[in-house]
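The values are calculated or read from the model by the stated rules, or taken from the named source; none is laboratory data. What you are looking at is a predicted structure, and each value in this text was computed from that prediction instead of being measured. In this analysis, Cβ positions are derived from the backbone assuming ideal geometry, glycine residues included, and neighbour counts consider all displayed protein chains. Ligands, DNA and RNA are excluded from the accessible area calculation, which covers all protein heavy atoms including side chains. Shrake-Rupley method; radii C 1.70, N 1.55, O 1.52, S 1.80 Å.
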Amino acid sequence: MNTTTEPELGKETSAIEAIRQKEKWFTRIVKMQAFQIFLVLLVLVVVFSLLAPDTFAQFSNLRLVVQNASILAVLGVGMTYVIITSGIDLSIGSVLVFSGVVSAIVMRQVGGDNWGVAAIGIAVSIVLGILWGVLNGVLVAKAKVPPLIVTLGSLGMALGGAQILTGGVDLRDVPSVLTESIGYGNVFGSIPLISVIALVVIVLGAIVLHRTRFGLHTYAVGSSEEAARRVGVRVDRHLIRIYALSGGLAGLAGILSLSQFSTTAIAGQSQTNLNVIAAVVIGGTSLFGGYGTIFGTVVGLFIPAVLQNGFVITGVQPFWQQVAVGAVLIAAVYIDQVRRSSTRRGNSQKNRKWPIFGRKSPPQ
Amino acid sequence: MTTPVLEGRGLSRKFGFVSALDEADFEVFPGEVTALIGDNGAGKSTLVKALSGSLALDSGEIFFEGQPIVLSSPSQASLLGIETVYQDLALAPHLTPVQNVYLGRESMSRGIAGRLGFMNVPEMTNKSREAFEDLGATVRSLTAPVGSMSGGQRQAIAIARAVHWANRVIFLDEPTAALGVRQTKNVLDTIRRVRDKGIAVVFISHSMPHVIDIADRIQVLRLGTRVANITNSGTTMEELVGLMTGASTRTTP
């Protein structure tokens, strides 16, 4: 397609395009995996709406879908950054639980049911999440332990820590100022507050990723750590910040979860990390690093959410959702592989690392 | 005689029991193309790494415009106007040419937006475009990832980046090794243009015809030591090969 629209490609003088950049903008959007997966989501919504116009396609139902996806969206923003650096963070679900548990304990110790107590709880939860993230980041960046192993380790440590602190019994005394506002409060009529918080995180996350130096360095570290290092990007510090961001958002998600469910739900997050990673990957972010969008992650979250909701409503056994999401996930990574090998003609494989297992070349 | 812009004296570096550099001297003058040649393992890359701040030395002194300096990082060399184009180019494949040129040295927006980390994208784009046009470089798109471009284009981007930031010395490590006839000619023309701006160019190559074609001065390394430092007038390939392999010796300045 490019060769037909750009006849002067062969010219070897100054062939810098300026005029064609505007029309290419549209082509690029269409080619984006995030956009293609967005079309899949639209098709799903349309199909379920036609099948169940009176139940699925109701504001109250869609509101529920959005509300249920909100906590995962907050986690997804951090995970997108981590995966763009060609890392992975398995610990988010456990860090969420740990932060929520300690926050609940601190709020109970302080006592009372007012915004002062709630503010302390929120701060405790986020700070603890950041600390777990810094631990992950230091081990990944400085100790050079592969991120899969680091975060698998901190997954166990955070979850175990939460169970030690509670004796394995969920805490249920959450201040009602939190449950009534963040938990099931609404703004602008009937928009869930928790979803508005998630939206703010998404928008900020997208702006920082796509418009700032921090975002550029994130892509650079994932694209070629060595190239970034040679031009003076402080790669180690940046990785620590990325894992701290992911941990901090897990801490925020901890307080959101505490508010939404009025319990620490220690056992309830065992699949969270995998669901979030699946969403990020379905949204077109490359596990090999260097490529990805927040928009894609949000779309990637809604595919499983809409499937689950739609299957329940249309009477399909909801277990089919896991089958369908699994297939979509594999398809998404396959598309990424095809895209990578077609855009990297002639490029050396030497610097690539297969992200999960450290620094081996990816199997071809 | 003018002061060398960059000079190394008695540079030594051992890797285990192997002396990669053994009391090597080296100097580059502004507005000159200095070819650095030598057989495999002669210490060329080690010397370049030492002089561009990527490798620490066991002993020896480095002078920049006559002043003794210690180069501890590539960024420090960059601050002095010393840039290196590595053989593997060291570009981030997912980033655009503009992002690659400015990576690590982004120009930020003015005022509060800049403090928040927002970049001045129009300025970076315009200046990168100028840098590419200055070189007559063929960069087909400023917005596509460089990983999707041909070897020649990526080479052009890497060189343009170095030229854009260097104002004293550029090291080019085997810049023509992976190129076709036409791109090679472009790179050699580029080197001449850069030299004519008054920048010192250090050209490392195994291709003796290119060296004879372009170099003003040729320095030969053998077994970690400089065995010849000659001006390029009437030099023949046989002579250079002889110096590299040790078949003949000639140590005139």
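Quick notes on this one:
- Between segment A:31-94 and segment B:125-160, the alpha-carbon center distance in angstrom: 37
- Structural descriptor for chain B: relative contact order 27 percent, calculated from alpha carbon pairs under 8 angstrom and at least 6 residues apart.
- Hz values of 3J(HN,Hα) by residue in segment A:270-281 - Karplus curve (6.51, -1.76, 1.60), Gly and Pro given as x: 5, 9, 4, 4, 5, 4, 5, 4, 4, 4, 4, 6
- Per-residue ellipticity at 222 nm from helix content only, as computed over chain B with -39500 (n - 2.57) for each DSSP H run of at least four residues, stands at -10000 deg cm²/dmol.
- Span from the segment B:62-98 Cα centroid across to the segment B:30-47 one, whole angstrom: 16
- In terms of its C-alpha gyration tensor, chain A comes out oblate, because a/c is 1.5 or above while a/b does not outweigh b/c.
- All-pairs Cα distance distribution in segment B:91-165, expressed in whole percent, bin size 10 Å: 21, 52, 22, 5
- Across peptide B:144-153, the average count of Cβ atoms from other chains found within 10 Å of a residue's Cβ is 4.
- Burial annotation for segment A:195-216: residues with an accessible-area loss of at least 50 Å² between the isolated chain and the complete set of protein chains, computed on heavy atoms with a 1.4 Å probe, are A:Arg213, A:Leu216.
- Segment A:219-345: relative contact order as a whole-number percent, Cα under 8 Å and 6+ apart: 21
- Across segment A:81-89, coupling constants 3J(HN,Hα) worked out from phi with the 6.51/-1.76/1.60 Karplus curve, θ = phi - 60°, read 4, 4, 5, 4, 7, 6, x, 8, 10 Hz, and Gly and Pro carry x.
- Here the accessible area is traced with a 1.4 Å probe on the protein chains. For segment B:91-165, carbon and sulfur cover 54 percent of it.
- Among B:Gly38, B:Gly242, B:Gly111, residue whose mean-square fluctuation peaks in a GNM of chain B (springs only between Cα atoms under 10 Å): B:Gly111
- Neighbouring partner chain Cβ atoms per residue of A:220-227, average, 10 Å criterion: 6
- Shielding by partners for peptide B:66-76, expressed as the average number of C-beta atoms from other protein chains within 10 Å of each residue's C-beta, is 1.
- Once C-alpha pairs closer than 8 Å and six or more residues apart are averaged by separation and normalised to the residue number of segment A:54-335, the relative contact order reads 34 percent.
- Highest average packing first - B:50-58, A:204-212, Cβ atoms within 10 Å: B:50-58, A:204-212
- Cleavage-rule hits (trypsin sites (Lys or Arg not before Pro)) in segment B:7-113: DSSP loop, at most 16 neighbouring Cβ within 10 angstrom: B:Arg105, B:Arg110
- For B:Glu32, solvent-accessible area (1.4 Å; no DNA, RNA or ligand), Å²: 40
- Heavy-atom accessible surface that B and A bury in contact, both chains counted, 1.4 Å, Å² to 100: 3200
- Taken about its Cα centre, segment A:54-335 carries a charge dipole of about 780 debye when Lys and Arg each add +1 at the Cβ and Asp and Glu each add -1 at the Cβ.
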